[in-house]
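Report on the structure given below.
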Amino acid sequence: MRDPIPAIRETVATGEIAEIFADIRRVLGVEVVNLIWRHLATLPETLPWAWETLRPLYTDGTLVAEARLLHMQLTLPRLRRFPPELLAAADLADGDVASIRDILAAYDRTNAMALLAFSALLHRLEGRPSADHTISRRAEPAPEAFVPIPLPPLPGINELREPVAKLLLTLNGFGTRRDNPVLASMYRHLAYWPQYLALSWAVIAPLDADGSLGGAIADALGKAQAQAARLAARFSEPTFDTAIAVAIRAALDAFANDVLAKMVVICALLRDLTQPQAE
């Protein structure tokens, strides 16, 4: 099995790409560069342009504030949290659960900001009119102030046992609109604990089957696009030639209109389910 989308791995990045990856990790306060950035690095001229355009919105607190607003507006299915005895019965020790919570926290931090940021870029590239009013700089802490979240190395899907890889791909199909969706990195990170992936399937599969997951994702995407239309007013017109612009739009569409929207919802749901029980 292969990852279904080309991307430059952080361990082999060199030159300007490696420098931008390092800056992304520093600014976002995470140890792993999100897949969309690593994919954009495979397209000519694209990663430097995207990061130069979006970095100010990350560093001045705008995307922090907008992501917080999006999270507050999410309409998630109401489910009971995993009790400690369930996690223990699944052979998940306290250290395992702590690592899983770190992974969910890291993706919860970056996915909402990425959804808004790349939806705004796509909005601008497609030449759609921006909203009448712009989003000004927010008086919010920038991600640089966040404590970095430790994460294990990101395994390739070909490094996983076949049953785990198949379960991962099954999970990745929930909530998508595409026949060959982008493989969400969060699932790969969680593959260190197949039993947690199994618990995730038991939660997500019924929500996908009854339409509540799709409804929550569509609602989140609509709200994100409304916010992105205002963000886009802060960008200048891009000057790519037609072929590069088409490739960038296709890449952004696969993320902003599918994988990022679904993972904002799924990650928030799993993070809530995996929080400690309320006293």
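Can you name the number of the only condition in (1) of a type outside the set (A, V, I, L, M, F, W, C); (2) modelled with pLDDT of 90 or more; (3) closer than 23 Å to Leu273 by Cβ that Thr110 fails?
It fails just one condition, (2).
Give the residue that is nearest to Ala117 (Cα to Cα), with candidates limited to residues of the range 195-221 that are among the polar types (S, T, N, Q) and surrounded by fewer than 16 Cβ atoms within 10 Å (Cβ to Cβ).
If we take residues in the range 195-221 being among the polar types (S, T, N, Q) and surrounded by fewer than 16 Cβ atoms within 10 Å (Cβ to Cβ), then Ser212 is nearest to Ala117 (Cα to Cα).
May I ask you to verify whether Leu122 is buried (at least 16 other Cβ atoms within 10 Å of the Cβ), within 14 Å of the chain's Cα centre (by Cα) and assigned to a helix (DSSP H, G or I)?
no
Identify the single condition in (1) free of Cβ contacts under 8 Å to residues at least 60 places away in the same chain; (2) outside any helix (DSSP H, G or I); (3) aromatic (Phe, Trp, Tyr) that Tyr192 does not satisfy, given that it satisfies every other one.
The failed condition is (1).
Please find, among Tyr192, Tyr187, the residue that is surrounded by 19 or more Cβ atoms within 10 Å (Cβ to Cβ) and within 23 Å of Asp91 (Cα to Cα).
Among Tyr192, Tyr187, only Tyr187 is surrounded by 19 or more Cβ atoms within 10 Å (Cβ to Cβ) and within 23 Å of Asp91 (Cα to Cα).
Being in a helix (DSSP H, G or I), surrounded by 22 or more Cβ atoms within 10 Å (Cβ to Cβ) and in contact (Cβ under 8 Å) with a residue 12 or more places away in the chain narrows it down to one of Ala224, Ala254, Ala245, Ala233, so name that one.
Going through Ala224, Ala254, Ala245, Ala233 in turn, just one is in a helix (DSSP H, G or I), surrounded by 22 or more Cβ atoms within 10 Å (Cβ to Cβ) and in contact (Cβ under 8 Å) with a residue 12 or more places away in the chain: Ala224.
Take the range 197-222 and flag every residue that is closer than 28 Å to Leu43 by Cβ and of a type outside the set (Gly, Ala, Ser).
Ile217, Leu221
For the structure I just gave you, tell me whether Ala88 is in contact (Cβ under 8 Å) with a residue 12 or more places away in the chain, of a type in the set (Gly, Ala, Ser) and in a helix (DSSP H, G or I).
no
Just to be sure I understand the filter: pairs with C-beta atoms under 6 Å, separated by 6 or more residues or on different chains, first member in the range 172-183 and touching a residue at least 12 places away in the same chain (Cβ under 8 Å) and among the hydrophobic types (A, V, I, L, M, F, W, C), second member surrounded by fewer than 19 Cβ atoms within 10 Å (Cβ to Cβ) and part of a loop (DSSP other than H, G, I, E, B). Which pairs pass?
Taking only residues 6 or more apart or on different chains, the pairs are Val182/Ile5; Leu183/Asp3; Leu183/Pro4.
So which residues in the range 18-45 are surrounded by 19 or more Cβ atoms within 10 Å (Cβ to Cβ), part of a helix (DSSP H, G or I) and not aromatic (Phe, Trp, Tyr), if there are any at all?
Ile20, Ile24, Leu28, Leu35, Ile36, Arg38, His39, Leu40
How many residues, within the range 5-16, are buried (at least 17 other Cβ atoms within 10 Å of the Cβ) and within 20 Å of the chain's Cα centre (by Cα)?
Going through the range 5-16 one residue at a time, the tally reaches 4.
All but one of (1) in contact with a Ser or Thr (Cβ under 7 Å, 6 or more places away or on another chain); (2) modelled with pLDDT of 95 or more; (3) farther than 27 Å from Arg249 by Cβ; (4) among the aliphatic types (A, V, I, L, M) hold for Ala224; which doesn't?
The one condition Ala224 does not meet is (3).
So for the range 157-172 (the condition being of a type in the set (Lys, Arg), within 18 Å of Leu260 (Cβ to Cβ) and assigned to a loop (DSSP other than H, G, I, E, B)), does at least one residue qualify?
no
The values are calculated or read from the model by the stated rules, or taken from the named source; none is laboratory data. Predicted model only: the values in this text are computed from it and were never measured. Neighbour counts are summed over all protein chains in view; Cβ atoms, including those assigned to glycine, are modelled from backbone coordinates with ideal geometry.
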